[in-house]
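Asks: Can you keep this structure in mind? I'll have questions shortly.
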Amino acid sequence: MRLTLFFCYLWVALVTGQLPPDIEKCEAGDSTCIAETVTRILRLHPKGLASIGLDALDSIGFENVIVSRIEPDGSATLDLRFHNLTVRGFADSTVAEAKGFEAELPRVLEIGGWIPLLKLEGFYEMHGSLLSMPIQGKGQAQVEIKECRFRCKVRAMEQFREDGKRYVEIAKVKCLLDVQGMHLNFKNLFNNPELSDAMNDVANAKWLDIWHTLRKGITSAVDQLVESILKRVADKLSYDDFYRN
Ligand SMILES: *[C@@H]1O[C@H](CO)[C@@H](O)[C@H](O)[C@H]1NC(C)=O
């Protein structure tokens, strides 16, 4: 009997996308419950949850990430790109606020919260100037971002499908980010270990200026990441099945 139920659950999950039994659903409009539920999904399933189209968030790999590009008008003076980049820590996010998750889907949903520690590691290449100093290098880099607060606005549209359920079509995601600390370690700057250490020390003493310099590029990378994660979930889990009734 249990086995039959299990296969029945599996079948439903494969066809329409359902939250697993360890996640209690909320009433539409109960924003406190919804924020807690989203946090719980991330905590219990850091490796992702195929039944709702959720990718693993504990470690995410990227290729060719452009963080900053020199602008001819002088508004950006640095070319910084990661050939490859692994980001760890997203699964420890706490969602503290969830706005707009009502029975009637509004045009904008909003989620806010924080991530205690993000660890980025990858192979970088950069040249240009940073903090008014010339800089150039290519090699391994590690960046730690402490206490990142986020607020993301998700532009959404309702979509009725043939299964008779409402789905959310995600048009655009825009996030605001703020961080409490950042630690950088770019190896092999100027192809010179001593100079590299000295430059990293300067950069870490002025991490807030560096954050302001790189914030735009990092934010737009986060916008794209959040958009692709949410799109996959919204495509699999209907808006109706997200709620209790
Ligand atoms: C990242 O790219 C560098 C240079 O292209 C390469 O040497 C390194 O093996 C790559 N690392 C990973 C984890 O793919």
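Asks: Can you name the residue in the range 81-104 that is of a type in the set (A, V, I, L, M, F, W, C) and over 21 Å from Lys146 (Cα atoms) and, of all such residues, is farthest from the ligand (Cβ to nearest atom)?
Replies: Top of the filtered list is Ala103.
This table checks each residue for (1) assigned to a strand (DSSP E or B); (2) of a type in the set (Val, Ile, Thr).
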position	(1), (2)
Val143	yes, yes
Lys172	yes, no
Val179	yes, yes
Met182	yes, no
Asp197	no, no
Gln224	no, no
Asp241	no, no
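Asks: What do you reckon, is Leu57 away from the ligand (no atom under 16 Å from the Cβ), on the phi < 0 side of the Ramachandran plot, in a helix (DSSP H, G or I) and not polar (S, T, N, Q)? Quick ask: steps written out before the conclusion?
Replies: Numbers: away from the ligand (no atom under 16 Å from the Cβ): yes; on the phi < 0 side of the Ramachandran plot: yes; in a helix (DSSP H, G or I): no; not polar (S, T, N, Q): yes.
In short, no.
Asks: Tell me which residues, restricted to the range 41-59, are loosely packed, with under 14 Cβ neighbours inside 10 Å and charged (D, E, K, R).
Replies: Scanning the range 41-59 gives Arg43, Lys47.
Asks: Exactly one condition in (1) of a type in the set (S, T, N, Q); (2) closer than 21 Å to Ile70 by Cα; (3) exposed (fewer than 14 other Cβ atoms within 10 Å of the Cβ) is not met by Thr219; state its number.
Replies: (3) is the only condition that Thr219 fails.
Asks: Which of the residues belonging to the range 74-100 are among the hydrophobic types (A, V, I, L, M, F, W, C) and out of contact with any Gly (no Cβ under 7 Å at 6 or more places or on another chain)?
Replies: Here is the first cut: in the range 74-100, the residues among the hydrophobic types (A, V, I, L, M, F, W, C) are 76, 78, 80, 82, 85, 87, 90-91, 95-96, 98.
Those that are among the hydrophobic types (A, V, I, L, M, F, W, C) and out of contact with any Gly (no Cβ under 7 Å at 6 or more places or on another chain): Ala76, Leu80, Val87, Phe90, Ala91, Ala98.
Asks: Let me ask something else about it. Mind checking which residues of the range 118-134 are assigned to a strand (DSSP E or B) and either of a type in the set (Gly, Ala, Ser) or out of contact with any strand residue (DSSP E or B) (no Cβ under 6 Å at 6 or more places or on another chain) (or both)? Before you say what the answer is, go through the steps one by one.
Replies: Of the range 118-134, the ones assigned to a strand (DSSP E or B) are 118-130, 133-134.
Selection gives Gly122, Gly128, Ser129, Met133, Pro134.
Asks: Evaluate the following for Ile23: is it away from the ligand (no atom under 16 Å from the Cβ), part of a loop (DSSP other than H, G, I, E, B), more than 21 Å from Ile170 (Cα to Cα) and in contact (Cβ under 8 Å) with a residue 40 or more places away in the chain? First the steps, then the outcome.
Replies: Values: away from the ligand (no atom under 16 Å from the Cβ): yes; part of a loop (DSSP other than H, G, I, E, B): yes; more than 21 Å from Ile170 (Cα to Cα): yes; in contact (Cβ under 8 Å) with a residue 40 or more places away in the chain: no.
Considered against the rule, which asks whether it is away from the ligand (no atom under 16 Å from the Cβ), part of a loop (DSSP other than H, G, I, E, B), more than 21 Å from Ile170 (Cα to Cα) and in contact (Cβ under 8 Å) with a residue 40 or more places away in the chain, Ile23 comes out as no.
Asks: Of all residues in the range 106-131 being buried (at least 19 other Cβ atoms within 10 Å of the Cβ) and more than 16 Å from the ligand (Cβ to nearest atom), which is farthest from Asp79 (Cα to Cα)?
Replies: By that ranking, first place goes to Leu109.
Asks: While we're here: Run down Ile218, Ile229 and say which single residue is under 19 Å from the mean Cα position of the chain (by Cα), under 18 Å from Phe101 (Cβ atoms), touching a residue at least 24 places away in the same chain (Cβ under 8 Å) and part of a helix (DSSP H, G or I). Working first, answer last.
Replies: On the way: Ile218 fails: under 18 Å from Phe101 (Cβ atoms).
It is Ile229.
Asks: Can you find even one residue in the range 65-74 that is more than 16 Å from the ligand (Cβ to nearest atom), surrounded by 17 or more Cβ atoms within 10 Å (Cβ to Cβ) and over 19 Å from Val173 (Cβ atoms)?
Replies: yes
Asks: In this structure, does Phe62 turn out to be in a strand (DSSP E or B), within 16 Å of the ligand (Cβ to nearest atom) and either buried (at least 20 other Cβ atoms within 10 Å of the Cβ) or at positive phi (or both)? If you could, list the steps in order and put the result at the bottom.
Replies: Working: in a strand (DSSP E or B): yes; within 16 Å of the ligand (Cβ to nearest atom): yes; either buried (at least 20 other Cβ atoms within 10 Å of the Cβ) or at positive phi (or both): no.
Here the answer is no, as Phe62 does not meet what is asked.
Asks: Kindly list the number of the only condition in (1) within 23 Å of Ser75 (Cα to Cα); (2) away from the ligand (no atom under 16 Å from the Cβ); (3) surrounded by 15 or more Cβ atoms within 10 Å (Cβ to Cβ) that fails for Gly137.
Replies: Checking Gly137 against (1) within 23 Å of Ser75 (Cα to Cα); (2) away from the ligand (no atom under 16 Å from the Cβ); (3) surrounded by 15 or more Cβ atoms within 10 Å (Cβ to Cβ), the one that fails is (2).
All of the numbers you see were taken from the coordinates with simple rules; none came from a lab. Just so we're clear, the structure is a prediction, and the values are computed from it rather than from any experiment. Methodologically, a virtual Cβ is constructed for each residue, glycine included, from the backbone with ideal geometry; neighbour enumeration extends over all protein chains shown.
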